[in-house]
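Working notes, structure below.
What follows draws every value from the coordinates through simple rules; no lab data is involved. Values in this document were obtained by computation on a predicted structure and should not be read as measured data. Every residue, glycine as well, gets a Cβ built from its backbone with ideal geometry; the counts of neighbours run over all protein chains shown.
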Amino acid sequence: MAGIVRCFVTLLIIVVLIPTSSGQLTADFYDKVCPQALPTVKSIVQRAIMSEPRMGASLLRLHFHDCFVNGCDGSDLLDDTANFIGEKTSIHNLNSLRGFDVVDEIKAAVNSACNGNVVSCADILAIAARDSINILGGPCYNVLLGRKDSLTASLADANADIPSPFSNFAGLLSNFQSHGLDLKDLIVLSGGHSIGLARCATFTPRIYNDTDINPSFATSLKNACPVNGDGNNTAPLDATTTIFDTVYFKGLTRQKGLLHSDQELFNGGNSQSANLVTYYSNNRAAFWEDFGYSMIKMGNLPPATSNGQVRLNCRKVN
Ligand code: HEM
Ligand SMILES: *[C@@H]1O[C@H](CO)[C@@H](O)[C@H](O)[C@H]1NC(C)=O
Ligand SMILES: *[C@@H]1O[C@H](CO)[C@@H](O)[C@H](O)[C@H]1NC(C)=O
């Protein structure tokens, strides 16, 4: 209930301050064509998170991996076809991205609630990410809408454009800058790791070889992730994986980042980054506000081409 109240307050303030100034996306895009669109998405997201709390994290990551590969255009949802190999089998997505069934469920529900094919898959990801964060106890930032879905997807671009958990600070920053995002966006959006899990395969070198890791934290993870294991076990990205809080940042200040890339934000040699980690670790209000701002910025990443469509089925072009 508190979450819902907070959501309305934030919405009202932001709508008044920035009505339509952010490019072509707008907050009220579906208000006339399908007023039921946003409540319908939220109800399915709510149900999915009730049955599996991790699903909120998985939906957030789908939006991030969509936006970082040729803009927010639903490209990561496309299955492979005879004409292209899509993004699902790329390095950072294979056996890793999840939530596709929930997106299908949302898409079917909005198509029905809107009496037709009105809401794009890219917008569904943006709305589902925002709702997930709010449902898991986080802020309710304003979500801007009106995206079109891509007609193709690119395995090569997904391999090149999604940041690696083995990156150092410089690599992470240059990846974000190549997407028009800055150092502060990098730190605050990494706070997405306040929720969700990661497979051993993504952090095994860290727990065996890194020196900027809390020793007892490393020892406990080695039990779940033996050197010659299959890499498929999972561990929490922070100590409270179903609550969108500042525990992720607190963990970094205690050398308890799960991924090498996480710990680089604090120990990677950039003092501005380390200072921001400390700042957010002690300031939930600032984290929430800045997270909403940076999510809108990420959600504005433009598609590579202007020809798009509203897909009837998020897995394939019409
Ligand atoms: C800064 C660079 C980033 C790197 C290197 C990175 C890397 C990763 C990796 C390796 C995983 C685990 C994947 C697996 O187990 O297969 C993960 C999970 C996750 N990431 Fe990131 N990530 C980054 C930024 C972000 C951002 C910006 C967001 C969202 C704003 C995000 C949201 C998530 C979430 C929510 C999960 C958990 C997903 C689940 O439990 O299903 N990440 N990330
Ligand atoms: C740790 O580093 C050594 C030496 O570079 C390497 O051979 C080994 O594979 C690494 N261990 C893990 C688990 O990554
Ligand atoms: C890890 O899990 C995936 C399915 O999620 C499976 O395809 C893969 O074979 C598993 N890896 C091993 C080594 O068992």
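Shown in residue order for the stretch 301-308 are the 3J(HN,Hα) couplings computed by the Karplus curve 6.51 cos²θ - 1.76 cosθ + 1.60 at θ = phi - 60°: 4, x, x, 5, 10, 8, 8, x Hz (x for Gly and Pro). The stretch 95-140 and the stretch 141-218 have Cα centres lying 21 Å from one another. Size descriptor for the stretch 26-163, Kirkwood hydrodynamic radius: 15.1 Å (Cα pairs only, one decimal). Net charge dipole, the stretch 169-292: roughly 300 debye, given to the nearest 20, about the Cα centre with Cβ charges of +1 for Lys and Arg and -1 for Asp and Glu. A straight Cα-to-Cα reach below 19 Å connects K222 with the lysines K256, residues fewer than 8 places away in its own chain not being considered. In order along the stretch 93-110, phi translates into HN-Hα couplings of 10, 5, 6, 9, 5, 9, x, 4, 5, 5, 4, 4, 5, 4, 4, 4, 5, 6 Hz, rounded to whole numbers, per the Karplus curve 6.51 cos²θ - 1.76 cosθ + 1.60 with θ = phi - 60° and x for Gly and Pro. Taking the Cα centre of the stretch 26-163 as reference, the dipole from Cβ charges on Lys and Arg (+1) and Asp and Glu (-1) amounts to some 380 debye. With 0.36 nm allotted per residue and the present C-alpha distance subtracted, the Q177-Y293 stretch has 40.1 nm of extension available.
Ranked from largest, the principal axis spans of the Cα set of the chain equal 56, 47, 37 Å. The stretch between S271 and N95, if pulled fully straight at 0.36 nm per residue, gains 59.9 nm over its current Cα-Cα span.
Taking amide H as placed 1.01 Å from N in the peptide plane, A198 has its amide H under 5 Å from the amide H of A235, L237, each at least 5 places away in sequence or on another chain.
Label separation (R284 vs R254): 1.7 nm, computed from points 7 Å beyond Cα along the C-beta direction.
In the structure shown, the pairs K42/K316; K42/K250; K88/K250; K32/K107; K42/K148; K88/K148 are assessed against 25 Å; a Cα-Cα span above that value is assigned to K42/K250; K88/K250. Dipole of the stretch 26-163 computed with +1 at Lys/Arg Cβ and -1 at Asp/Glu Cβ about the Cα centre; of C121, N83, A109, farthest Cα towards the positive end is A109. Ranked by the mean number of other Cβ atoms within 10 Å of their residues, highest first, the peptides 247-253, 69-75, 101-107 fall in the order 69-75, 247-253, 101-107. Projecting the Cα atoms of L94, P39, A153 onto the dipole axis of the stretch 26-163, where Lys and Arg carry +1 and Asp and Glu carry -1 at the beta carbon, places P39 farthest toward the positive end. Distance from the C-alpha centroid of the stretch 24-50 to that of the stretch 270-300: 26 Å, rounded to the whole angstrom.
Applying 1/(1 + (r/R0)^6) with r as the Cβ-Cβ distance of N313 and A239 and R0 = 35 angstrom yields a FRET efficiency of 0.35. Normalising the average separation of contacting C-alpha pairs (under 8 angstrom, six or more residues apart) by the number of residues puts the relative contact order of the stretch 190-318 at 24 percent.
Taking the Cα centre of the chain as origin, work out the dipole magnitude from +1 charges on Lys and Arg Cβ and -1 charges on Asp and Glu Cβ, in debye rounded to 20.
With Lys and Arg at +1 and Asp and Glu at -1, about 480 debye.
Length gained on full extension, Y208 to M50, computed as 0.36 nm times the residue gap minus the Cα-Cα distance: 53.4 nm.
Cα-based Rg of the stretch 217-318 per 2.2 N^0.38 Å, rounded to two decimals?
Working: Rg = 18.5 Å, N = 102, 2.2 N^0.38 = 12.8 Å.
Normalised Rg, Cα atoms only: 1.45.
Each residue of the stretch 215-232 was assigned a 3J(HN,Hα) from its phi angle through the Karplus expression (A = 6.51, B = -1.76, C = 1.60, θ = phi - 60°), giving x, 6, 4, 4, 4, 5, 6, 5, 4, 7, 10, x, 3, 9, x, 7, x, 8 Hz with x at Gly and Pro. Considering only L144, V69, F287, and ranking their Cα positions along the charge dipole of the chain that arises from unit charges at the beta-carbon of Lys, Arg, Asp and Glu, the one farthest toward the positive end is F287.
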